[in-house]
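Engineer: Pasting a structure here, questions to come.
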RNA sequence: GGGCGAUUAGCUCAGUUGGCUAGAGCAAUUCGUUUACACCGAAUAGGUCACAGGUUCGAGUCCUGUAUCGCCCACCA
């Protein structure tokens, strides 16, 4: 048999074990396989960059769940894949090309505009990037031990997923749920694309409020001589004002409703309307808007989302005064510009703002100007302020009851908050998954509080703008044609050709016809007739929303789909509840009539040591491979699992490893952009003088380039020491076990000792607790429960207890074998590599069945497919063993404390006498071998009348007094006793107070009161004894 | 502006329907190689559970308010 080294070496084991799993094809599942279905779809990581610790956490948890399910004999399938991440990837590639001085998207766009194939060529670049990072991500996942079904690896933009997207879009379009809308979008004037709401980052900006006076007039434009003052932070948009609004409840100002103003500069006559959206000015108000407001709101429907809504309510014109680059322009919908407007046309929005303010000042129409700090949306890509921009976009009507309503109704009743919608409050959900045959249950969030986020989102949903002015994505499958007379008569041959404005019957000259194609068969026909495909692509979340179905072959009615959809649980971060969870739920319900998953587990966000979110843009992310390098994969996985409590954030102080010396150290931090604390790009070696290195922040931010003189430092964190120690301990405990076990046939001839019965009792409790914790996704509880059982119970107490006897006692060896076997099984989902390696050695040493009565442990060659331990209900519970062993533990602890207090060397054997009631002494005698071995003593005298010896330290355990002889140090003993006396005295006061309280005695549970009485009596007894001992010492 | 969460030992965190004499890991102190493990063992010290009120026989736990920090959402009057 191969000897195990005295220390666990993860590097040597991990690759070996990976190979073994691969050879045995352990992770692949087929619908026809035995067992109840269990499935997880991976939240597909973006191909923008390599995975960081947050992914490591997320994927470790999914792997734990998958591996447990597999061991439970379920037909477990974990579907891996990656996301094309539209704008993020396109932007990353563009930036990289620019940084390398190569042709970037600007040039490709030019090429495309000139009829070249710029689009295609640029997409090749992005695809190359995607291939590179997809490979890198996949390798990272494999290195992390993720037991994904790699044969099913998917990508949101590959062929099968494209088919799914086409089908979904087609069906939604046909049902009229996709529409073309002229709406305000978040426009990035630099990259010239629309942004989703979530792609907009709010930043506080120091701006101003300007108070501008507009002359009041009548409908014909004749001025009355009165003025109204509007307050705005964006004076330049006044060129597009089409109304002024006043709150009808604002008594002093409401009289203006129905009158008009003549818009300065432009000369446009626009109405004053009443709308209760307008904030009434109030200088005393806590609301800063009320303090700043003038009571009159300029309404610019084309450049402000609120104004757009007000405009709709009052039927105001929408006048767009800007070009796509956000410069003032008269060629995008502004046709009443007067000559006075000329100086403003062509100015950037910033210049226009200054110019407009100057104009008002010079015209003496600027009443006031106040500083004002407010949040302004910025493009997460170009970081310039986002411009609400009036343009044509495709929308998905998620507000339709078939989508948002269905998602709400799918929530589990137990997690719903009272809603405005009475039907929703009362409605019992339908069971989404008949296969499991469980009673009515809906979508459930863990931790529960996230259900609120989900509900709130769907109750306030707005339609989803799904078009993006990008190249990297699924092209919108819509072709359009603005008809001439002749074309209006055209008959389209496609299977379905109904279009939004005007069906074929009512088509007229000038109408635009939109045709959605399910596949490309009819494309050439259409294009011959002059149709052109929409240049936009779909929002990246459109394809992600289909992920739980598209990864299983949808729209085909595959066996995969029938087996694994709905999946068992979605495991993700909270930031994505609205973006992704919501949309998957809506799509799966809409297309398949069932949920995409039954549970949603939301895990914490990993922050760095300063409480800052780990992110790519901050450059404070940590590559899991670095941790695997410094601590080993199992150590990383264990620690991450143990850190997964129910909180929403967790901190991870990150250190660097000096490449010159290999030692870990805390880097120097500097304040980076945005006030964030980051590791200085360049760091000095803490031990090798004059040597420097590049921090991961330095490399990620591009501030330094690693080189031979400036090698990149890997990250590490001492947080992972926890897992590393556990791995080593497990390695050695198993090594020790193997040195004892021989490949004997298990025998039952010997009696099980107390220690055996106790450890099996503990094991039973541990398995039950582990199962309960997993069922509620309480990972930390799961991990620490196993840790405590293994380290505290098994190693500290059980192994130490059996050392003197195990070589002679076959029953003990059998118990030991069962415990190690079960421990390896229990820890395998969290620490797959080391347990699988040790399993091999245990199998060699003891190849047979290692079950014990009450605990089935069927043998298996590979641990990855071995059965999860199942306890026969109650069979191994042993209350008397638990009680007896607790007694032993307190005796041993008491003697150890005295030894330590008196500086007795651990190797020295002391003498102990005991005195007390006969029953207790008998109990002592029954367990003497264990106790003597654990506390290292020999027994001098035992008896109910044993006299207190001089020069001995005494301890009270229950009714029994123990004397540790010849430990000499009187002062130390006095100190120990007096400390004990103080503690007891304090406790007694406490107990007396409680028991003296009639209300407590009368209203607390009788059991609790009795417990307090017992505690009180015990403390009083011990105090008396302690005082006697102190008196004896003088 | 709305919502969610955090504040417990020097550090990172547990503490599930109120019963706590408040726990763990790391760090600290003392002792120790008894051949599984020094990535170890034994023992010790360390906390008016952010603050102020309230409910209760009893509050780390429930309620109200305050402070600080973090995250998400929000239509830049």
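Engineer: Scan segment A:663-676 and tell me whether some residue there is within 23 Å of the chain's Cα centre (by Cα), more than 30 Å from residue A:830 (Cα to Cα) and buried (at least 17 other Cβ atoms within 10 Å of the Cβ).
Structural biologist: Yes - at least one qualifying residue is present in segment A:663-676.
Engineer: Hey, residue A:725 hits all of (1) at pLDDT 90 or above; (2) within 13 Å of RNA strand B (Cβ to nearest atom); (3) more than 27 Å from the chain's Cα centre (by Cα) but one; which does it fall short on?
Structural biologist: (3)
Engineer: Please go through segment A:351-374 and pick out each residue that is free of Cβ contacts under 8 Å to residues at least 24 places away in the same chain and within 45 Å of the chain's Cα centre (by Cα).
Structural biologist: A:351, A:354
Engineer: Identify all residues within segment A:639-659 that are within 11 Å of RNA strand B (Cβ to nearest atom) and not in a strand (DSSP E or B); write none if there are none.
Structural biologist: Hits for segment A:639-659 are A:639, A:642, A:643, A:644, A:645, A:646, A:647, A:648, A:653.
Residues checked against (1) in contact with a strand residue (DSSP E or B) (Cβ under 7 Å, 6 or more places away or on another chain); (2) surrounded by fewer than 18 Cβ atoms within 10 Å (Cβ to Cβ):
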| residue | (1), (2) |
| --- | --- |
| A:557 | no, yes |
| A:562 | no, yes |
| A:567 | yes, no |
| A:597 | yes, no |
| A:601 | yes, no |
| A:625 | no, no |
| A:633 | no, no |
| A:639 | no, no |
| A:656 | yes, no |
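Engineer: Which residue out of A:863, A:838 is within 14 Å of RNA strand B (Cβ to nearest atom) and in contact with a helix residue (DSSP H, G or I) (Cβ under 7 Å, 6 or more places away or on another chain)?
Structural biologist: A:838
Engineer: Kindly indicate the residue of segment A:833-853 that is crowded, with 18+ Cβ neighbours inside 10 Å and outside any helix (DSSP H, G or I) and also farthest from the chain's Cα centre (by Cα) among those meeting that condition.
Structural biologist: A:846
Engineer: Right, here's the next one. Is there any pair linking a residue in segment A:979-1005 that is under 13 Å from residue A:1018 (Cα atoms) to one that is within 6 Å of RNA strand B (Cβ to nearest atom), with Cβ under 7 Å and at least six apart or on different chains, and which?
Structural biologist: From residues that are under 13 Å from residue A:1018 (Cα atoms), the pairs are A:991/A:1015.
Engineer: Does segment A:866-889 hold any residues that are exposed (fewer than 14 other Cβ atoms within 10 Å of the Cβ) and part of a helix (DSSP H, G or I), and which are they?
Structural biologist: Selection gives A:879, A:880, A:883, A:886.
Engineer: Hey, another quick one. Kindly list the number of the only condition in (1) part of a loop (DSSP other than H, G, I, E, B); (2) modelled with pLDDT of 90 or more; (3) within 16 Å of RNA strand B (Cβ to nearest atom) that fails for residue A:892.
Structural biologist: (1)
Engineer: Here's another thing I want to ask about it. Which residue is farthest from RNA strand B (Cβ to nearest atom), if the candidates are limited to segment A:772-802 and must be out of contact with any helix residue (DSSP H, G or I) (no Cβ under 9 Å at 6 or more places or on another chain) and under 26 Å from residue A:648 (Cβ atoms)?
Structural biologist: Taking the candidates together, the pick is A:775.
Engineer: In addition: Please go through segment A:317-354 and give me each residue that is surrounded by 18 or more Cβ atoms within 10 Å (Cβ to Cβ) and either within 14 Å of RNA strand B (Cβ to nearest atom) or under 14 Å from residue A:238 (Cβ atoms) (or both), ordered by number.
Structural biologist: Across segment A:317-354, the qualifying residues are A:319, A:320, A:321, A:322, A:326, A:328, A:334, A:337, A:344, A:349, A:352, A:353.
Engineer: How about segment A:244-260: which of its residues are within 22 Å of residue A:356 (Cβ to Cβ), out of contact with any helix residue (DSSP H, G or I) (no Cβ under 6 Å at 6 or more places or on another chain) and within 16 Å of RNA strand B (Cβ to nearest atom)?
Structural biologist: A:244
Matching residues to (1) surrounded by fewer than 17 Cβ atoms within 10 Å (Cβ to Cβ); (2) under 30 Å from residue A:517 (Cα atoms); (3) at pLDDT 85 or above:
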| position | (1), (2), (3) |
| --- | --- |
| A:124 | yes, yes, yes |
| A:153 | no, yes, yes |
| A:157 | no, yes, yes |
| A:172 | no, yes, yes |
| A:199 | no, yes, no |
| A:213 | no, no, yes |
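Engineer: Regarding segment A:223-231, can at least one residue be identified that is closer than 20 Å to residue A:349 by Cβ and either more than 13 Å from RNA strand B (Cβ to nearest atom) or surrounded by 13 or more Cβ atoms within 10 Å (Cβ to Cβ) (or both)?
Structural biologist: Within segment A:223-231 (the criterion being closer than 20 Å to residue A:349 by Cβ and either more than 13 Å from RNA strand B (Cβ to nearest atom) or surrounded by 13 or more Cβ atoms within 10 Å (Cβ to Cβ) (or both)), the answer is yes, since at least one residue qualifies.
Engineer: Here's something else I'd like to know. Do we find a residue being in a helix (DSSP H, G or I), closer than 18 Å to residue A:634 by Cβ, touching a strand residue (DSSP E or B) at 6+ places or on another chain (Cβ under 9 Å) and modelled with pLDDT under 95 anywhere in segment A:42-55?
Structural biologist: Within segment A:42-55, one or more residues are in a helix (DSSP H, G or I), closer than 18 Å to residue A:634 by Cβ, touching a strand residue (DSSP E or B) at 6+ places or on another chain (Cβ under 9 Å) and modelled with pLDDT under 95.
Engineer: Okay, moving on. Answer yes if at least one residue in segment A:419-440 is surrounded by 14 or more Cβ atoms within 10 Å (Cβ to Cβ), closer than 30 Å to residue A:205 by Cβ and modelled with pLDDT under 80, and no otherwise.
Structural biologist: No - not one qualifying residue is present in segment A:419-440.
Engineer: For residue A:357, indicate whether it is under 25 Å from residue A:391 (Cβ atoms) and either crowded, with 17+ Cβ neighbours inside 10 Å or within 16 Å of RNA strand B (Cβ to nearest atom) (or both).
Structural biologist: no
Engineer: Any residue in segment A:893-906 that's more than 17 Å from residue A:957 (Cα to Cα): show its pairings with residues that are near RNA strand B (Cβ under 6 Å from one of its atoms) at Cβ separation under 8 Å, as long as the two are six or more apart or on different chains.
Structural biologist: A:906/A:936
Engineer: Something else now. State all residues of segment A:729-740 that are surrounded by 18 or more Cβ atoms within 10 Å (Cβ to Cβ) and either within 6 Å of RNA strand B (Cβ to nearest atom) or within 12 Å of residue A:806 (Cβ to Cβ) (or both); if no residue qualifies, say none.
Structural biologist: A:733, A:737
Engineer: Evaluate segment A:917-928: report whether one residue or more is surrounded by fewer than 17 Cβ atoms within 10 Å (Cβ to Cβ), away from RNA strand B (no atom under 11 Å from the Cβ) and not in a helix (DSSP H, G or I).
Structural biologist: Yes, segment A:917-928 contains at least one residue that is surrounded by fewer than 17 Cβ atoms within 10 Å (Cβ to Cβ), away from RNA strand B (no atom under 11 Å from the Cβ) and not in a helix (DSSP H, G or I).
Engineer: Here's something else I'd like to know. Got at least one residue in segment A:387-406 being farther than 27 Å from residue A:179 by Cβ, modelled with pLDDT of 85 or more and buried (at least 17 other Cβ atoms within 10 Å of the Cβ)?
Structural biologist: Within segment A:387-406, not a single residue is farther than 27 Å from residue A:179 by Cβ, modelled with pLDDT of 85 or more and buried (at least 17 other Cβ atoms within 10 Å of the Cβ).
Engineer: Given the structure, is residue A:492 in a loop (DSSP other than H, G, I, E, B), crowded, with 18+ Cβ neighbours inside 10 Å, modelled with pLDDT under 55 and out of contact with any strand residue (DSSP E or B) (no Cβ under 6 Å at 6 or more places or on another chain)?
Structural biologist: So residue A:492 fits the description; yes.
Engineer: Is it fair to say residue A:1018 is within 25 Å of residue A:964 (Cα to Cα), more than 10 Å from RNA strand B (Cβ to nearest atom) and part of a helix (DSSP H, G or I)?
Structural biologist: Spelling it out, it is not the case that residue A:1018 is within 25 Å of residue A:964 (Cα to Cα), more than 10 Å from RNA strand B (Cβ to nearest atom) and part of a helix (DSSP H, G or I).
The values are calculated or read from the model by the stated rules, or taken from the named source; none is laboratory data. All values reported here derive from a predicted model rather than from experimental measurement. In this analysis, Cβ positions are derived from the backbone assuming ideal geometry, glycine residues included, and neighbour counts consider all displayed protein chains.
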